[in-house]
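Q: If you scroll down you'll find the structure; I have some questions about it.
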2 protein chains.
Amino acid sequence: MMLSQSERIAALRSEMVKVGVDGYLIPRGDEYLGEYVPPCNERLEWVTGFTGSNGVALLVATKGVVVTDARYGIQVRAQVDRKFFETTDQFNDGLVKFIQKYKIQNVTIGFDPAVHGIAAIRNLRAQLDPFGIVLKPIDGNLVDLIWHDRPGAPHTGVEAFLETYAGLSASDKRTIIAEKLKDMGVAAAFLADPTDIAWLLNVRARDLAMVPVALSRAVIYADGTVEWVIDPLRVPLEVKRNLGNAVSITPPESFPETIMRLKSRALRDPVLVDERMTSYAIAQMMEDRNIILKLGTSPVVIPRACKTSAEQQSIRDAHRRDAVALIRFLSWFEGEVGRGQLDELAVADKILWFRKQDPAFRGPSFETIAGYGSNGAIVHYRADENTSRKIMGNGLLLLDSGGQYVGGTTDITRVLAVGDPTDEMRVHYTTVLKSHIAVARAVFPRGTSGAFLDALSRAPLWVGGIDYGHRLGHGVGCFLSVHEPSVDLSAKGRDEIFLGMLISNEPGYYREGEYGIRLENLVLVVPADMVGPEYRTLDTVSLVPFDPALTKLSMLSAEEKEWLSAYHTRILDEIGPMLPQADRMWAEMTCRYFMG
Amino acid sequence: MMLSQSERIAALRSEMVKVGVDGYLIPRGDEYLGEYVPPCNERLEWVTGFTGSNGVALLVATKGVVVTDARYGIQVRAQVDRKFFETTDQFNDGLVKFIQKYKIQNVTIGFDPAVHGIAAIRNLRAQLDPFGIVLKPIDGNLVDLIWHDRPGAPHTGVEAFLETYAGLSASDKRTIIAEKLKDMGVAAAFLADPTDIAWLLNVRARDLAMVPVALSRAVIYADGTVEWVIDPLRVPLEVKRNLGNAVSITPPESFPETIMRLKSRALRDPVLVDERMTSYAIAQMMEDRNIILKLGTSPVVIPRACKTSAEQQSIRDAHRRDAVALIRFLSWFEGEVGRGQLDELAVADKILWFRKQDPAFRGPSFETIAGYGSNGAIVHYRADENTSRKIMGNGLLLLDSGGQYVGGTTDITRVLAVGDPTDEMRVHYTTVLKSHIAVARAVFPRGTSGAFLDALSRAPLWVGGIDYGHRLGHGVGCFLSVHEPSVDLSAKGRDEIFLGMLISNEPGYYREGEYGIRLENLVLVVPADMVGPEYRTLDTVSLVPFDPALTKLSMLSAEEKEWLSAYHTRILDEIGPMLPQADRMWAEMTCRYFMG
């Protein structure tokens, strides 16, 4: 029976009364606390209508609020009915402001401990304590009780991620992680992030549309053994055999026994737990058994971030395939746009269609951003049937898309001229291009942190009086997450940039109400042998031309032109031979503009 | 009676026995914990022979060690007789290694609490505790007891620093600092740094050869009143009158009463104390009276760092005067060097001579660094009679010098070609010049921190596979310290760069055993109106040409050549008219090389 929104909210309030709480939290996150959730866990959307990737709703007796961050300000106002929920994009203090506004004090607010992280609850308690508000864990999610037509949980089959692509066997990976655990003096690490497990065990699945993993959990011990908590029926015999005896499989319903075993093996030695990815419920289960928790980053993050040679090769291959799709799309677009029949959704669909032509394509790595005109200035804009704008007249179309391929994950952003771009658009596009090139050409010694690359990207923009309000980029997985924890590429970034990291180089400029520009390629951190033994540089793996109509050659220095020439020569050399004739001719014409 | 070094050490050991300690610390610092000490406080030199600006000696019954930092590795080995003291330039753990080596355990080491800072003693205790070593304060310095021909303490007359130069009256400055104290919730701040007092009260003196201040102390209260601890005979009636009733003067011998008054006025409110600049003894006096200490940076640092318009004008004027001296020197050097009669000391003397020709010159701001050939690669090299190298053959001469002028402090570094420089020297000089220009041209928005400028300086060097191992630069005072706390210009620098800051831009490259290159100008942080209201840029105030013989124009981009052209045009316009005819002709010939 499909409930209307007001019925859903009334039912939820009714459950709140039954368990004796004055309010209830509905976060965007699910049990796995990741960026994406499967349809069965889209509880926040089901209750409030909001689909952004970060947010939490608070429902009280007669009011409610949806709190998100600045990326989704416009979206949350568009999607949430003010009759039921107020909205705010001030993530840091939005909840407190709501509580202050309505003088919500000395009450009890319930939460499902399985869907909030340890750190999140700690921060919430710190915010709400001063108001005499008690945050009370309620086992079992109240939304699930009333969501009668809730979709089933995903349980796609697990497949092996071949060592040909991974470059390291699962057994070697377990040894590497076990050594780290010994160095850290911990008995084991609880792996709450399904992408950690996928990397460690060299397995993939399809539980999430954009991330090829099985939603599962695991424990890795300092002796290298692993207990993997997943429905055994999902793991083919062959995969189980390859994993060997060191990896045991436990059904999810036996998870309490996993915790018991963890206690009996760890004893008084600490267990490493990531406080952002591990749920309050699981931490509570561990503490109930007197397991000593050591809060820290998963031991998988850095080893995974440093891609092996085999991974780097398959990443390059995935990017060549992706380049074919993108170049065919750009060629098609140039011929098609003049007819005035396109809109943002059609463009996003067409990019997907071109990617689908490749048999190695496994689906998008994230929802395509196609923003024409002022929509391009909304950094996290996603077109839908209501908002999809027609692409006509004069303006800029910003296109950010990516794919999952059998051996790699892609993410690329280009800006396309529609009609006659103004000189100002060209000046700004070229300035952002200069920023992109400054990063692409960077050389730096071992030990350098992300702040150096961020500074290089800002210098040409600031000289032009423009700037962008997001990070320079992010880590990317190898047929895993398109947003993979790796190195902090921001002005405050202190993490070291390591050899083998795959990161995005995506500066931009967003002119509110007019247009957005972002120029993104993925780059691998490689040795800069010609410079010296301790030096590194960035090797660009995305091989798609920039837009001649938007690039003012007169604004470029000799070194910038040199870089562009070499880059576009590579495109013709590596991708040219794989393109259909007409598209190859288009590529040659386009690239020659940059080849001086 | 002049004691030999072995007699000095024996006498010191004898005093150690008398007070019952097994060891004694002799730091470089004096009661004022500054970078420079007056001759009467050069205790470390008197005991060990070492003259570097940072170090501490430990003397025990039969051994001793002098610990300094990496800047002075060569110097400490040259100056200290190994018969009496071992040496190390590993400042962080040098003392601990010495203690481990000789198994010095469970002993008492004495120290004079008046000449060590709070933080320094805390760090020492942390290092020495594990060895069962007790650090015991001994009032009265043991070196003073045996240094019978010790020079007298300086007591030069105080003079006013005119408001014409300062731009703010002492009264207004007291109001500004008092507001900060109120915001911080402290009753008062103890000003341990004599340069803080000089800025606050708009006074100068000559107690230190290189820093025009009176060695004194003060307390400023949250109501803006100040108690200045200085011999009243040093303060002329006129200066006292201008300071007014809000500033009271207390003789140093009555300092204990200053502390009593501090307690009676502060009561239970905290007093702000800088833990690096305030001695252990003074902190102890405060704690004995139950004054609550709040450890933090002096409230003067940031206001002083942001120069007023008047200060900026007088800084520019001081730099024009300095440029005249430098350009005359360079012109003289070019004609003289070929005779092969010069050595490093003669060159340092000649620069000083040229500066002295200006009536506004008040002495050097630091000891000149004149390093020829491989001496230039020793970053803190100072020539003396033993080491002064003859300047002949082919090579590079690095010259870092500066002056105190009535309205400003200068600091500038140039590299001069001697004979025929190799192509490699020219490539490296030009690369460092590119690094310097990248910083000089920088544009950045409000809120940017020092790490951004450091990154800009590294990028061109790293592309060329070279680097420098010091910070990009430092803050500079206005007729005060040449090294003034201001903004951290290093890769980790998180302090904000504020309008009005005067900082040095001094990247370099040091090729051990061959040559050193450093190209330094001082720059003011000014609004970049042409770019936008929130943007800043750097205005170079040092106006001295670079070396045509060392600059490869073919390595420079169009923007770099443009910057050099505009810079050298300014030199001719602003300094040209002030030069004697021959030197003016030399300047024109030299500058034209850069003016395309």
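The values are calculated or read from the model by the stated rules, or taken from the named source; none is laboratory data. Worth saying up front: this structure is predicted, and the values here are computed from it rather than measured. Note: ideal-geometry Cβ built from the backbone for every residue, glycine included; neighbour counts use all protein chains shown. Keep in mind that these areas ignore ligands, DNA and RNA; they rest on the heavy atoms of the full protein, side chains included. Shrake-Rupley method; radii C 1.70, N 1.55, O 1.52, S 1.80 Å.
Q: With a 1.4 Å probe and every protein chain left in place, work out the accessible area per residue of the protein assembly as shown in Å², rounded to a whole number.
A: 40
Q: Further question: Give the Rg/Rh ratio for region A:3-110, taking Rg as the radius of gyration of the Cα atoms and Rh as the Kirkwood radius, to two decimals.
A: Rg/Rh for region A:3-110 comes to 0.94.
Q: May I pose another question? Looking at region A:453-596, what % of the alpha carbon pairs are farther apart than 21 Å?
A: Considering region A:453-596, 54 percent of its Cα-Cα pairs are separated by more than 21 Å.
Q: Restricting things to alpha carbons, find the Rg to Rh ratio for region B:207-273 using the Kirkwood radius for Rh.
A: Rounded to two decimals, Rg/Rh equals 1.00.
Q: Can I ask one more? Which value, in Å to one decimal place, does the Kirkwood hydrodynamic radius take for region B:277-319 when every pair of different Cα atoms is included?
A: That comes to 13.3 Å for region B:277-319.
Q: Can you give me the % of accessible surface on region B:72-216 that is carbon or sulfur? Probe 1.4 Å, all protein chains present, nothing else counted.
A: Result for region B:72-216: 52 percent of the exposed heavy-atom area is carbon or sulfur.
Q: To continue, here is another question. If I take every Cα pair under 8 Å that is 6 or more residues apart in region A:114-221, average their sequence separation and divide by the length, what percent do I get for the relative contact order?
A: Once divided by the residue count of region A:114-221, the mean separation gives 26 percent.
Q: Sticking with this one: Where in chain A is the longest stretch that carries no trypsin sites (Lys or Arg not before Pro) classed as loop by DSSP and with at most 16 other Cβ atoms within 10 Å?
A: A:104-267
Q: Considering only chain B, what is the antiparallel percent among its DSSP beta bridges, to the nearest 5?
A: The antiparallel proportion sits near 75 percent.
Q: Could I ask something else about it? For region A:516-595, just run the numbers: alpha carbon Rg, then divide by 2.2 N^0.38 Å, N being how many residues it has.
A: Normalised Cα radius of gyration, region A:516-595: 1.23.
Q: Sticking with this structure for a sec: Could you work out [θ]222 nm for chain A from helices alone, using -39500 (n - 2.57) per DSSP H run of at least four and dividing by all its residues? Round to the nearest 500 deg cm²/dmol.
A: It comes out at -11000 deg cm²/dmol, rounded to the nearest 500.
Q: Comparing the chain by itself with all protein chains present, which residues of region A:451-478 are at least 20 Å² less accessible (probe 1.4 Å)?
A: Buried on complex formation: A:F452, A:A455, A:L456, A:A459, A:W462, A:V463, A:G465.
Q: Oh, and also: Mind listing the long-range amide H neighbours of B:F161? Cut-off is under 5 Å, sequence gap 5 or more, other chains count too, H placed in the peptide plane at 1.01 Å from N.
A: Result for B:F161 returns B:V203, B:R204.
Q: With Kirkwood's inverse mean 1/r over C-alpha pairs for Rh, give me the Rg to Rh ratio of chain A, two decimals please.
A: Result: Rg/Rh = 0.97.
Q: Still on this structure, please answer the following. Could you list the square roots of 5 times each eigenvalue of the Cα gyration tensor of region A:193-327, that is, the equivalent ellipsoid semi-axes, sorted largest first and rounded to whole Å?
A: Listed largest to smallest, the semi-axes of region A:193-327 are 31, 17, 14 Å.
Q: What whole-number value in cubic angstrom gives the convex hull volume per residue for the C-alpha atoms of region B:399-439?
A: Residue-normalised Cα hull volume stands at 72 Å³.
Q: Right, another one. Let me know the Rg and Dmax you get for region A:161-226 when you use only its Cα atoms, in Å.
A: Both quantities, over Cα of region A:161-226: 12.3, 37 Å.
Q: Measuring label to label, 7 Å along Cα→Cβ, what does A:G185 give against each other copy in nm, shortest first?
A: Label point to label point, same position, other copies: 3.5 nm.
Q: Let me ask another. Region A:248-324 to region A:12-40: how many Å between their Cα centroids?
A: 24
Q: If N is the number of residues in the protein assembly as shown, what value comes out of its Cα radius of gyration divided by 2.2 N^0.38 Å?
A: Rounded to two decimals, the normalised Rg is 1.06.
Q: A further question on this structure: Which ³J(HN,Hα) values, rounded to whole Hz and listed in residue order, are derived for region B:141-155 from phi using the Karplus coefficients 6.51, -1.76 and 1.60 in 6.51 cos²θ - 1.76 cosθ + 1.60 with θ = phi - 60°, glycine and proline given as x?
A: 3J(HN,Hα) across region B:141-155, in whole Hz: 7, 5, 5, 4, 5, 10, 8, 6, 9, 5, x, x, 6, x, 8.
Q: Evaluated at 37 °C with a viscosity of 0.692 mPa s, what Stokes-Einstein diffusion coefficient in µm²/s does region B:79-208 have when Rh comes from the Kirkwood expression over alpha-carbon pairs?
A: In µm²/s, the coefficient rounds to 170.
Q: Over the whole of B:438-449, what's the average partner chain Cβ count within 10 Å per residue? Rounded to a whole number, please.
A: Per residue, the number of nearby Cβ atoms from other chains is 3 on average.
Q: Here's another thing I want to ask about it. Return the average number of partner chain Cβ atoms within 10 angstrom of each residue Cβ along peptide A:526-533.
A: Per residue, the average neighbour count from other chains is 2.
Q: If the cut-off is a Cα-Cα distance under 20 Å, which aspartates and glutamates reach A:K294, setting aside same-chain residues fewer than 8 apart in sequence?
A: Excluding near neighbours in sequence, the set is A:E179, A:D183, A:D193, A:D196, A:D223, A:E227, A:D269, A:D274, A:E275.
Q: Moving on to the next point. What span do the alpha-carbon atoms of region B:87-163 cover on each of the three principal axes, reported in whole Å from largest to smallest?
A: Rounded to whole Å, the extents work out to 54, 35, 23 Å.
Q: Against the empirical 2.2 N^0.38 Å scaling, what ratio does the C-alpha Rg of region B:467-526 come to?
A: Relative to the rule-of-thumb radius for its length, region B:467-526 sits at 1.22.
Q: Calculate, in whole percent, how much of the Cα-Cα pair population of region A:140-260 lies beyond 21 Å.
A: Across region A:140-260, Cα pairs with separations above 21 Å total 41 percent.
Q: OK, next. Rounded to the nearest angstrom and ordered from largest down, what semi-axes does the equivalent ellipsoid of region A:251-337 get from its C-alpha gyration tensor (root of 5λ)?
A: Square roots of five times the eigenvalues give 47, 17, 12 Å.
Q: Let me ask something else about it. So which GluC sites (Glu not before Pro) in region A:482-567 are both in a DSSP loop and have at most 10 other Cβ atoms within 10 Å of their Cβ?
A: Filter output for region A:482-567: A:E512.
Q: Note the buried accessible area between A and B here, summed over both chains, with a 1.4 Å probe, in Å² to the nearest 100.
A: Adding both sides of the contact gives about 1700 Å².
Q: Go from 0 up to the bin containing the longest alpha carbon distance in region A:295-397, width 5 Å each, and give me the % of pairs per bin.
A: 2, 11, 17, 17, 16, 13, 10, 8, 5, 2, 1, 0
Q: For region B:58-131, go through all pairs of different Cα atoms, get the mean of 1/r, take its inverse, and jot down that Kirkwood value in Å.
A: 13.2 Å is the Kirkwood radius here.
Q: Looking at the axis that maps chain A onto chain B, which chain A residue has the closest Cβ, and how far off is it in Å, rounded to a whole number?
A: Here the value is A:A455, 2.
Q: Scan region A:534-596 for chymotrypsin sites (Phe, Trp or Tyr not before Pro) in coil per DSSP, keeping those whose Cβ has at most 12 other Cβ atoms within 10 Å, and list them by number.
A: none
Q: Explain nothing, just the number: relative contact order of region B:1-143, from Cα pairs under 8 Å at least 6 residues apart, as a whole percent.
A: 25
Q: Using the alpha carbons of region A:368-447, what is the convex hull volume per residue in cubic angstrom, as a whole number?
A: 143
Q: Using just the C-alpha positions of region A:321-364 as equal point scatterers, what log10 of I(q)/I(0) does the Debye formula give at each q in 0.26, 0.28, 0.34 1/Å?
A: For region A:321-364, the Cα-only Debye profile gives -0.91, -1.00, -1.24.
Q: Okay, next question. To the nearest whole percent, what portion of all C-alpha pairs in region A:351-502 is separated by more than 29 angstrom?
A: Distances greater than 29 Å cover 26 percent of the Cα pairs.
Q: Can you list, shortest first in nanometers, how far B:T225 lies from the same residue in the other copies, with each label 7 Å from Cα toward Cβ?
A: 7.6
Q: Another question, if that's okay. Report the GluC sites (Glu not before Pro) located in region A:354-444 that are in a DSSP loop and have at most 14 other Cβ atoms inside 10 Å of their Cβ, or state none.
A: Sites meeting the loop and neighbour criteria: A:E385.
Q: Here's something else I'd like to know. If you put a point 7 Å past Cα along the Cβ direction, how far is that point for A:G500 from the same point in each other copy, in nm, smallest first?
A: The answer, with the shortest distance listed first, is 5.2 nm.
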